[in-house]
Every structure is written in structure tokens, then in C-alpha cells.
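In what follows, a structure is listed as C-alpha cells, so that the remarks can point back to it.
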Amino acid sequence: MPFRSTSFFSFVFAFAPAGCSFLFPSNDIPPASTMEWPVHAVRVDTVGYLRARAKVATVVPPPGTPDLSGSIAQIFDISGVPEWSCQLSARMTDPDSGLDTYFADFTGFDTPGIYTVAVPGLGTDSTAQSAPFEISETVFAGALTTAMTGLYGQRCGTAVTITMGSDTWQHGACHKNDAYLDYLTGADTNSASVGGWHDAGDYGKYVGNGAFSVGMLLAAWEHFQPTLAALALPIPEHGQIPEGGAGPMPDFLWEVKWELDWLLTAQKASGGGGAPDKLTAIDFEAFGTMPDHDNQKRYFAGIGTAMTADFVAVMAAAARVYGSFAPASSAAYLAAARLGTAYLAANAGPAVPANDSPNDSALVFNTGHYVETDADNRLWAAAEMWETTGDAAALTDFETRAPSNPVEVDFDWANVQNLGFYTYLLSRRPDRDARDANLVSTLSAAIVAAADQLQGIAAAHAFGRALPGGRTNSYYWGSNGSVARAAMNLWVANVLQPSPKYLDAIQMQLDFLLGRNLYDRSQVTMVGYHPPANPHHGPSYGDGIADPWPGLLVGGANHDEATVNLPAALTWRDSKDDYQVNEIAINWVAPFIYATAALTPAPM
Ligand code: 9MR
Ligand code: ZN
């Protein structure tokens, strides 16, 4: 009988009670940071596997273990009773790490419950098995709720309190003087821009990355509305009715609105309706300063076309998403989108970069900069404007731009055109036949081809991740976010040309992020087995609470830290100081929310 390790408690922690809405986990368990975490030879999705989806574990035996090809793996239930067995695959060398690996594919086992996978050929020690995991119909509901709570924890401009188990995380109202216009008008004047989400481990607010994150979340809403409408989040607006609304608005939309309403304040009518690159202090905060103790003066950076186009895209999308829930906000979002469109039209030439460090200024930002060209952003804006308004000029603009913006197999904040393609291809407009039929079929084929490529990579990769860049270039800054984002191409392909293989590949992306990886560790704080304890996240370090703030996906392995002796895939470490691999960011949490929502059915 296999020995069950203390890891079971972490499993319970991530487990959401079933019911007609997804409740916040509240099990009282010891702080994760005080637990012992043996590394298991069998790597699984330590949250679990959705019923009827692929269930693959990866066996990583200790070095020197004789060939295990074809030997037995067994699934044990919670009381140690063997329930199922399967044969290991042939031995494979994982090119990312050079390690011997084997697949244990137990897809055929589909009985709900809590299990471990063990390889008897490796002995009876707890490390010869896997961490516990669940098989159920709603296995990702708890992770989805926790990740949404993670975004709530990023709220700026307000006091935040989150209680989970025996932990309470909190900070007071922060950054109430956001922000100053020195870069825009030269004057020492303030233009209120309170609210929004802190971008990452730092407390800056970036229009482009904020809009990108919101764009993925609004896509999740449009793709998985019944699931997301049922989420119950521990936010103050729970149950409230927005201005002009007919009833309570879903919590999911309230949380996203927190960022949207900040984005609204960032747009500058005086700048012709353009949006600034960002709103930050001159320097990053001293790490660990709590948000409400950060008294640095914060400034808007310059206005540019790429971030304005991202802004237009999400304002247009929000206008339709919020239309029936929050009519007053919906109207404001549409007006902002139109104003931003006017700015883009007036600056139709070469991309206007948002000048971060004007020569005539004594102020030079040392904070981050999502540097961008704008062709992809403009394409996304046109798609969302057309879908919301039916404006013929927007449709023409999109269709003119599409041929020179190829579908991306793997995309991030710097190449957002896929978000426009999804909206165009999945259009719900009654007049969607106005689209160019040839373009619709070319783009559909390209999305399906991209998804096929991702699915093929996932199925062959030792740990199931779907990044197309090989052993090194797959792992760029925020690689975990990209793994999560693969779920978007996979899902849209599944709508265009349904196949279970796409959904299985989404499960595999979550597997990788939740423990089926080189580390035997979840990459999401307070979720799954041995999650990050020391993320590069100011509040997590600064609040004196041992456990980090929950629901935050860390960046993951990053080839910037690779060396001759350290392959890119092995660069992740759980260090608060290592922002290149262990920071958290909203554009990584957002696609994790998308992926978990994709595999969470709506409550009956
Ligand atoms: O996610 C960004 C990554 O793609 C870049 O390579 C990196 C360096 O420019 O910056 C990342 O974004 C950071 C931003 O600039 C500031 N807030 C934290 C972000 C995540 O590390
Ligand atoms: Zn703040």
C-alpha cells in the first residue's frame, strides 16, 4: 500500500465544494509554507483531471533507474486500494532537461475520487508515487475561483482583504494620488486615475498589459459565460446592481470592471483621446513595501498608438459584454472606444511610441515598458469595434489588416492579433455574413493549423506543454502565461472544428502548470501541490504572512537565466528575488482563468 504524504492537505485546500455555485474554499488547514513537500517521481496535475478528458502522468525516475518501459503504474484510491493499472510508455529522453521520462496514460480510468499514481517498480517510498489529485466533473472550479480572487488581490486604490483557511491577507487603500501629468503637459497637476490592478509584483499600472489581460478575460466571458456567471467571489460588490442594471451583476464582471473603470480614467481627452503607456512611479517600489505604504509620486507616461488601440479593443468589447448588466458603464465604454478610434485615425501614420523618457524632461522612468509596434493592436481594435457596432469602416479596416498579421501559434502582449481573429471568427452579429468569406475560411484554417501544432507538441512533450519554441525559445519571460494562453487557440479551434483532442490539450496545459512538470510543483500560489511560497510579489513578501497571496501564476522558466549547464526549462526557482522566473503578472493569471473556465462546466 502506498504511503500517502502530507501533500494531501494541499489538495484539500484547492478543492472547491460542489454545489450550485462555486464557493470560496475555506478549509482550515496548516499554512502551506510550513508543510514538507517531498518530490515525487510521478508527476501529475496535482489539482486533478476532468472526467472524460486525457489523464496523463509523467514518470521521472531517479537517475540510474533501470529502463521502466512497459512496466506497471497503478492508481490507488484515498484509502490505498488499487483501482486501475496501466503500462508505462517506452522510455523517452526529455530534450528540455535530458532526463529519462515515461508517460503513464490512465485516460481510461474515469471514476470520480481522489487518487495517487504509483510505480511499484520504483519501490514503496512516498516519492515513488504521485501527489494526490482528484478526478471529477468540476475539478478546476476551485482553481478558477482562487485565480479570480488573485486578481481581486491585485486591486489598487482600495483596501483589500482576502481570507482563505487560516490566512488573511490585506492591505489598506493605496495609491490614492494617482497620477501626475508631468510627462503629458509638463505641469505638476493631478488627473485622478485611482483603481485598476497592480500589474504584477510591482505596483505599476500599464494600459497595454491591463487591456491585454482584460481582453483575455472578456473573451473568457464570451466563450464560457454560463460557467463564469456562476462564480461567487469574495469581493465587496457581490450581489450589487450596477447603475441602470436590472439585477445583480455576476461577480466575474464586477472584478473585470475594476480594471476597466481604471482604464477609462487613463484616457486623455486632452491628448486627442489617446491612452498613455502606463502609470508608475519613476522607480520600482522598494521590494516588500506594502501598497498602502508606497508614497512615491506616480506619473502617466506618454501617449501612444499601440496602447490606445488595445484600449479601444477592450472598451468596445466591454460595451457589448456589459450592455445588459451595466448599461451606464456600457455607454461610457463605447464612448471611450469611439474617442480612442478618433485618436487612432488622427495618428494613422507610423506607430506613435509612448515616450517614456522625453529628452526635455528631467524625469526618466526606470519601471517596465511594454514596448510595442501597433499593427496587431489596431487589427484587434477594428475587430472589436466591428463586433460591437457593425460599423462597415471597422470591418474594412480589420479585413485590410488581416493578411499582413499572421495568426500566432504562441502569443503574448506584444502580438495581440489572435484576440481580434477570435472575435471575428466567432462573431455573433446577425449580419456576420458581411464578412469576407475567403478571409473567414483562411483565418479559420490558420487557427485550426495553429491548434493542431500546439496539440501535437503537447501530446509529444514529456510534460505536455504546448509551446512551439523548442527546448530553449519556448521558455521566454512569462512562459507559464504562454502555456495557459495556448488554451485560447485550442478552444477556438474546437469551436471551428470540434475535436476532443483540443480539449485534452487544454487539460495538458493545466497539468503542466499544476504539477506535471520538472519540479513536481504547482505554479499557482495556494493552489495544488507545493505551490510557489516566495513569489516576486511585493505584498506577499511585505505583509509578514508566511503564505503568499493566493491565485497568482508565476512566470516560470526563462531562457534569460539559462547557462551552458542550466537548460532553460530548469531555470525556475521559488525565490522572491528572482523576478525573471518567479514574479506574478495579470497577463499570466488571466489566461490561467481562461483555461480553467474552459474546462469547468456551468453548474446545473
Ligand atoms: O512580461 C514582460 C516580459 O515580456 C518582458 O520581457 C519583461 C522585461 O521587459 O517585462 C515583463 O513585464 C514586466 C513589466 O515590465 C513590469 N511589471 C512586471 C512585469 C512582469 O515581469
Ligand atoms: Zn495601489
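The values are calculated or read from the model by the stated rules, or taken from the named source; none is laboratory data. The structure presented is a predicted model; accordingly, all values stated were derived computationally and were not measured. Neighbour counts run over all protein chains shown; Cβ positions are idealised from the backbone, glycine included.
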Suppose we filter ALA54, ALA90, ALA128 for residues that are hydrophobic (A, V, I, L, M, F, W, C), buried (at least 16 other Cβ atoms within 10 Å of the Cβ) and in contact with a Ser or Thr (Cβ under 7 Å, 6 or more places away or on another chain); which single one remains? ALA54
From the set of residues in the range 155-209 that are touching a residue at least 60 places away in the same chain (Cβ under 8 Å) and among the charged types (D, E, K, R), which is nearest to ALA546 (Cα to Cα)? ASP167
How about the range 492-503: which of its residues are farther than 16 Å from ILE457 by Cα and in contact with a helix residue (DSSP H, G or I) (Cβ under 7 Å, 6 or more places away or on another chain)? VAL492, ASN494, LEU496, GLN497
Out of LEU510, LEU503, LEU490, I need the residue that is assigned to a helix (DSSP H, G or I) and either closer than 22 Å to PRO38 by Cα or at pLDDT below 95 (or both). Which one? LEU510
With (1) touching a residue at least 12 places away in the same chain (Cβ under 8 Å); (2) not in a helix (DSSP H, G or I) as the list, and TRP380 as the residue in question, which single condition is left unmet? (2)
Of everything in the range 408-445 that's among the charged types (D, E, K, R) and touching a Leu at 6+ places or on another chain (Cβ under 8 Å), which residue is farthest from ligand 1 (Cβ to nearest atom)? ARG435
If you check ALA451 against the conditions, is it in a helix (DSSP H, G or I), crowded, with 21+ Cβ neighbours inside 10 Å and in contact with an Asp or Glu (Cβ under 9 Å, 6 or more places away or on another chain)? no
Can you tell me how many residues in the range 122-175 are in a helix (DSSP H, G or I), under 18 Å from the mean Cα position of the chain (by Cα) and more than 16 Å from ligand 1 (Cβ to nearest atom)? 10
Restricting to helices (runs of 4 or more DSSP H) lying wholly in the range 536-604: which have 2 or more residues that are over 19 Å from the mean Cα position of the chain (by Cα), away from ligand 2 (no atom under 16 Å from the Cβ) and surrounded by 24 or more Cβ atoms within 10 Å (Cβ to Cβ)? none
With (1) over 27 Å from TYR579 (Cα atoms); (2) within 16 Å of ligand 1 (Cβ to nearest atom) as the list, and LEU467 as the residue in question, which single condition is left unmet? (1)
Being surrounded by fewer than 23 Cβ atoms within 10 Å (Cβ to Cβ) and within 16 Å of ligand 2 (Cβ to nearest atom), is that true of even one residue in the range 108-115? no
So which residues in the range 181-216 are more than 10 Å from ligand 2 (Cβ to nearest atom), surrounded by fewer than 22 Cβ atoms within 10 Å (Cβ to Cβ) and at pLDDT 95 or above? ASN190, SER191, ALA192
Filter the range 384-413 down to the residues that are more than 18 Å from MET315 (Cα to Cα), small (Gly, Ala, Ser) and buried (at least 16 other Cβ atoms within 10 Å of the Cβ) and list them by number. ALA402
Criterion first (surrounded by 24 or more Cβ atoms within 10 Å (Cβ to Cβ) and part of a loop (DSSP other than H, G, I, E, B)) does PRO531 satisfy it? yes
Looking only at the range 276-335, which residues are in contact with a His (Cβ under 6 Å, 6 or more places away or on another chain), away from ligand 1 (no atom under 16 Å from the Cβ) and assigned to a helix (DSSP H, G or I)? ASP292
So how many residues does the range 176-208 have that are over 27 Å from ASP543 (Cβ atoms) and within 16 Å of ligand 1 (Cβ to nearest atom)? 2
Of all residues being of a type outside the set (D, E, K, R) and free of Cβ contacts under 8 Å to residues at least 60 places away in the same chain in the range 230-255, which is farthest from GLY196 (Cα to Cα)? Just the residue, please. GLY247
Taking ASP294 and the conditions (1) within 16 Å of ligand 2 (Cβ to nearest atom); (2) farther than 27 Å from LEU379 by Cβ; (3) in contact with a Gly (Cβ under 7 Å, 6 or more places away or on another chain), which numbered condition does it fall short on, given that it satisfies the others? (3)
Taking the conditions exactly as written (within 16 Å of ligand 1 (Cβ to nearest atom) and out of contact with any Lys or Arg (no Cβ under 9 Å at 6 or more places or on another chain)), does LEU231 satisfy them or not? no
